[in-house]
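Asker: First, the structure itself, so that you have it in front of you.
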Amino acid sequence: MTQMSGLVEHVTCLGCGCSCDDIVVAVRDGRIAEARGACALGASWFGDGRVPAIARAGGSNVSIDAAIDAAAALLDEARRVLVFLGTDISCETQRAAVEVADTVRGVVDGISSSSVASGILAAQRRGRVSATLGEIRNRADCIVFWGTDPSARYPRYASRYAPEPAGLFLPNGRRSRTIVAVDIGGARGPADADVRLEVPPEQELDTIAALRASVAGRSLGTERFGPALADVARRLAAARYVAIVYDAEPGALPAQPARAESLTALGQGLNAGTRACVTPLRGGGNRIGAEAVLTWQTGYPMTVDFSRGHPRFRPDDGPRALVDAGAIDAALVVGRPLGLPFAIDAVHTVAVGPAASDAACEIAIDTGVAGVHEGGTAFRMDDLPLPLSAPLPGPPVAADIVRTLAQRIGARRARRS
Amino acid sequence: MSDRLRITGGAVYDPANGVDGDVRDVCVLDGRIVDALPTDAPRLDAHGMVVMPGGIDIHAHIAGSSVNHARRILSDERTADPTAAPALRDAVPRSGTGGTVPSTFTTGYRYAGLGYTTVFDAAVAPVSARDTHAQLDDTPIIDAGFFALMGNDAYLLQQVAAGERDRARDYTAWLLGATGAYAIKIVNPGGVELWKRNIRTVKSIDDTSGVPGATPRAIMETLADAAATLALPHPVHIHCNNLGLPGNVSTTLDSMRALSGRRAHFAHAQFHAYAGGNGKPWASGAKQLIAYINAHDEVSIDVGQVMLGHATTVTADGAVEYLLHASSGRRWVNVDVELETGCGIVPYEYRDAAAVAALQWVVGLELFLLSEDPWRVVLSTDHPNGGAFTSYPELIRLLMDRAYRDDRLKAVNQKLLAGSALADGLAREYTLREIAIITRAGPARQLGLANKGHLGAGADADITIYARDANIAAMFSTPRYVIKAGELVVEEGQLRRAPPSRRLYVRPPYDDAVMRDLSAWFERYATIALANYPVAPPRDAPVPVGAGA
Ligand code: SF4
Ligand SMILES: [Zn+2]
């Protein structure tokens, strides 16, 4: 039932973690002609909707059914399987992929372990103080952009969430808010901020500690940071609702594994006197969904090892370490096979996802893109679930293929037991 | 698996049908209880055993964004409690992890393994309902539904403030249907919104510091009336203001009196039954509270018993969790959920040696033991807040076995127990009939589930069969057989099948006029399109409204 022409409204974009759900996709002649309302990043994420449609196994093109059979045999017979949750897949696909990992007693991971592990581990030690984006939009009268200007990697953050929109408690939008830019070396906050604080990268943690001390009413040598820091601390303490926003994805800020935990401690401390949240900016493609699904099915948000017949959390032994150590002999990549933390040709690899056939895998089954060709659920950067629509249905549905794969592996195992 | 089954020779406890331990057969056909079966139907020998309807949990936290936030930070306790995949005959078995907040498949398996077949998640932020449904889809066996949090919803509070009670009712009807929820939940009415505004205490149910006109009293009245007018199967489900604070029993009683004459369920009453405060030490307020409940048929409660040991506090009541974090120094999660509700989490341990924990343990037991109408006092631990649901067998033992209870009482901190009824000696021991009421028939009645909680013809064939044991906890922790919708899921104490669960939800009608107003509100303040807000209707038919009550 391919929709050849027409407009599809309220489409969710997974181009970044903003997950804007107000896109109007114009379909013409079986292609996406326009993604109205999307930013440039979003427009390129939608593309024209063309995806390869190949199923390949044993070096030649085969039927999807034959490719699934071959994949089931390969994964079932492997000694130790890695299941990797890539991008552009729905939670429904992720759920089936984790089932495969559980059934074959493999290891399952997504992109979080190689990008935001320090934040996940920090939350396990200390907790978190968070808010959904709508709270920031409607309530935050003081927003600290910690070494980040969302406009670069999250283009519509400012217009959809903060600081621009008027909110329930911020009738004048941007003018109702104080924006603090913390510039960490070259990682600068928004240019039009009301207040700036320059922080040399090597002093970032000390700065957070000083802010913490200051909002707790202790000076603890805050003088050495000068009046700008004291001013920021005063503003934080005086605000009704503070949002501290940083980019948790790699490459934006100078690497600092202790940042997430330190900022959380600052946010928790701020809540003694006022209200505050600390919220990471996160990328798109439903990476947040992978953490959520892994958590509800296994209890752990990343790097789960089923080799003992139950989930074990292996944050120190991620896919790269296992592949390098020769512990893995087969991999199932579910999703777009991009940015993998291991060499795809180091093991026998099955890929099921958008443009799977572009990668050098033994078995590849191309599917559509979640949110373009197939519906389902995805999570926004703030852990809120959103529906995906399928403005351009037609290509094989990843969720169906991975479910079928899981069933066939389950059936093989059941026959043997 | 046959679709017919005759359970023979067991002592049947079916209080809804006046059956109290009589030895009789129970017949199952196509997933339902029937009066009779041909003599050649397959038999299950239950001689010497106890037969009850499947357990029903009226208030637990098992699925949804807040539960997943809790799972995420509890890697330490779940490392200590891995669960291998069971040997199932009908489904791909899944492994998981336990602890106080188990993973989804493990939650389904463990509840069924205790003989529970129906569970409600008591607190779902409407905006994340989609997440809850997905998690429940991965929670097998147990029929499940959830309550939608409304007591701090900014749109609703504005309608309450403006006196627009009809519009408020239409909104609740829309929201229940849009989220696939079963009932209206209020957590700390108005108080979560206050917490977001940095006002941390609710002075009384007439506190006016929030949205003008939307006092806790007005919020409770509006939503209680909405539930009644919509004839929802379950009345408004209320977590009162001032949870966990000394002296809060007066707030709880005020809340009950405010709704006098209206049906209402008050959640985890134990956490709302403390005397003292204002400079006086904590004390039990259970006697006062249960006296009111005993005298008022329109009120039901679940107890929210504290079990000494590990727990995880998970609530929409963010302010409470801040206090717990500040006083205990433990890990703390807070998530403010856009214009709807909050979420707070602190892992916790109730220690024998801690004076307040001991008092809380005593207060819960007093509510059980002083109650005169078990139909309106439901067993719960507010899982995982007072303790995990896996501690229910232990709780049943405390209720049924006085000698054991008195021994436990001696081992806890006595500092705050002077003058408490339990410390003065309560001889009561629950009977099997009463246990069947507080874990099955009572919650089914309070939830308006006509086909559950009993073994009369037409009921869902959800049945638990226990082998008698002198140790009550042992008896209730490993039922010999559990039947879910006619399928034998536990055989000889082993989980053998894990059929998918059914979803319990309502879809009440409403006047469409509310949608115009609501769409303007969404335009201004929401970050999700109104069109994207509703979840896809669950595959099961909704529970009808209007029939019950
Ligand atoms: S901001 Fe992000 S989610 Fe929104 S349209 Fe741009 S790429 Fe898509
Ligand atoms: Zn609760």
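The values are calculated or read from the model by the stated rules, or taken from the named source; none is laboratory data. All of these numbers come straight from a predicted model, not from anything done at the bench. Cβ: placed from backbone, ideal geometry, glycine included. Neighbour counts: every protein chain shown. Note: accessible area is taken over every heavy atom of the protein model, side chains too, but ligands, DNA and RNA are not part of it. Shrake-Rupley method; radii C 1.70, N 1.55, O 1.52, S 1.80 Å.
Asker: Give me a count of the residues in segment A:292-308 that are within 9 Å of chain B (Cβ to nearest Cβ) and open to solvent by less than 10 Å² (accessible area, probe 1.4 Å).
Answerer: Going through segment A:292-308 one residue at a time, the tally reaches 10.
Asker: Test of understanding: among B:Leu223, B:Leu232, which residue is in contact (Cβ under 8 Å) with a residue 12 or more places away in the chain, assigned to a loop (DSSP other than H, G, I, E, B) and on the phi < 0 side of the Ramachandran plot?
Answerer: Of B:Leu223, B:Leu232, the one residue that is in contact (Cβ under 8 Å) with a residue 12 or more places away in the chain, assigned to a loop (DSSP other than H, G, I, E, B) and on the phi < 0 side of the Ramachandran plot is B:Leu232.
Asker: Restricted to segment B:505-527, and to residues that are surrounded by 14 or more Cβ atoms within 10 Å (Cβ to Cβ) and in contact with an Asp or Glu (Cβ under 6 Å, 6 or more places away or on another chain), which residue is nearest to the other protein chains (Cβ to nearest Cβ)?
Answerer: Applying the filter and picking the extreme gives B:Val514.
Asker: Taking the criterion of being more than 16 Å from ligand 2 (Cβ to nearest atom), at the interface with chain A (Cβ under 7 Å from one of its Cβ atoms), farther than 24 Å from B:Asp143 by Cβ and open to solvent by less than 30 Å² (accessible area, probe 1.4 Å), would at least one residue in segment B:79-99 satisfy it?
Answerer: Checking segment B:79-99: not a single residue is more than 16 Å from ligand 2 (Cβ to nearest atom), at the interface with chain A (Cβ under 7 Å from one of its Cβ atoms), farther than 24 Å from B:Asp143 by Cβ and open to solvent by less than 30 Å² (accessible area, probe 1.4 Å).
Asker: Just checking, how many residues over segment A:290-308 are in a loop (DSSP other than H, G, I, E, B) and under 17 Å from the mean Cα position of the chain (by Cα)?
Answerer: Looking only at that region, the number is 4.
Asker: Something else now. When you scan segment A:80-91, do you find a residue that is open to solvent by 10 Å² or more (accessible area, probe 1.4 Å), in contact (Cβ under 8 Å) with a residue 12 or more places away in the chain and within 14 Å of chain B (Cβ to nearest Cβ), even just one?
Answerer: no
Asker: I need the helices (runs of 4 or more DSSP H) fully contained in segment B:368-432, keeping only those with at least 1 residues that are among the charged types (D, E, K, R) and modelled with pLDDT under 95.
Answerer: B:421-424
Asker: Are there helices (runs of 4 or more DSSP H) fully within segment A:31-137 with at least 3 residues that are within 26 Å of the chain's Cα centre (by Cα)? List them.
Answerer: A:40-46, A:91-103, A:117-126
Asker: Take A:Glu164 and decide whether it is facing chain B (nearest Cβ under 10 Å) and either in a strand (DSSP E or B) or over 30 Å from A:Ala327 (Cβ atoms) (or both).
Answerer: no
Asker: Report, by residue number, each residue of segment A:242-269 that is touching a Leu at 6+ places or on another chain (Cβ under 9 Å), within 14 Å of chain B (Cβ to nearest Cβ) and within 24 Å of A:Ala158 (Cα to Cα).
Answerer: The answer is A:Val242, A:Ile244, A:Ala260, A:Leu266.
Asker: Taking B:Ile219 as the residue in question, decide whether it is hydrophobic (A, V, I, L, M, F, W, C) and surrounded by fewer than 18 Cβ atoms within 10 Å (Cβ to Cβ).
Answerer: Answer is no for this residue.
Asker: If you check A:Asp21 against the conditions, is it in contact with a Ser or Thr (Cβ under 8 Å, 6 or more places away or on another chain), more than 8 Å from ligand 1 (Cβ to nearest atom) and at pLDDT below 95?
Answerer: Criteria not met by A:Asp21.
Asker: Now, a different point. Counting only residues that are open to solvent by less than 30 Å² (accessible area, probe 1.4 Å), closer than 30 Å to B:Arg496 by Cα and away from chain B (no Cβ under 14 Å), how many does segment A:360-417 have?
Answerer: Matching residues across segment A:360-417 total 1.
Asker: Within segment B:110-188, which strands (runs of 3 or more DSSP E) (wholly inside it) include 1 or more residues that are polar (S, T, N, Q) and more than 20 Å from B:Pro537 (Cα to Cα)?
Answerer: The qualifying strands (runs of 3 or more DSSP E) are B:116-124.
Asker: Now for a different question. Output the number of residues of segment B:101-124 satisfying the condition of being open to solvent by 10 Å² or more (accessible area, probe 1.4 Å) and within 11 Å of chain A (Cβ to nearest Cβ).
Answerer: The total comes to 1.
Asker: Do we have A:Ala209 as open to solvent by 10 Å² or more (accessible area, probe 1.4 Å), outside any loop (DSSP other than H, G, I, E, B) and not acidic (Asp, Glu) here?
Answerer: yes
Asker: Could you grab me the full set of residues in segment A:309-331 that are open to solvent by 20 Å² or more (accessible area, probe 1.4 Å), at the interface with chain B (Cβ under 9 Å from one of its Cβ atoms) and assigned to a loop (DSSP other than H, G, I, E, B)?
Answerer: Listed by number, the residues that qualify are A:His310, A:Pro315.
Asker: Also, I was wondering about something else. Being more than 13 Å from ligand 1 (Cβ to nearest atom) and either of a type in the set (Gly, Ala, Ser) or open to solvent by 10 Å² or more (accessible area, probe 1.4 Å) (or both): is that true of A:Arg31 here?
Answerer: Judged against the criteria, A:Arg31 is a match.
Asker: Tally up the residues in segment B:53-72 that are part of a helix (DSSP H, G or I) and either among the β-branched types (Val, Ile, Thr) or within 15 Å of ligand 2 (Cβ to nearest atom) (or both), please.
Answerer: Residues meeting the conditions: 5.
Asker: So if I check each of A:Ala26, A:Ala43, A:Ala73, A:Ala57, which one is open to solvent by 10 Å² or more (accessible area, probe 1.4 Å) and either charged (D, E, K, R) or without any contact (Cβ under 8 Å) to a residue 60 or more places away in the chain (or both)?
Answerer: That would be A:Ala43, the only listed residue that is open to solvent by 10 Å² or more (accessible area, probe 1.4 Å) and either charged (D, E, K, R) or without any contact (Cβ under 8 Å) to a residue 60 or more places away in the chain (or both).
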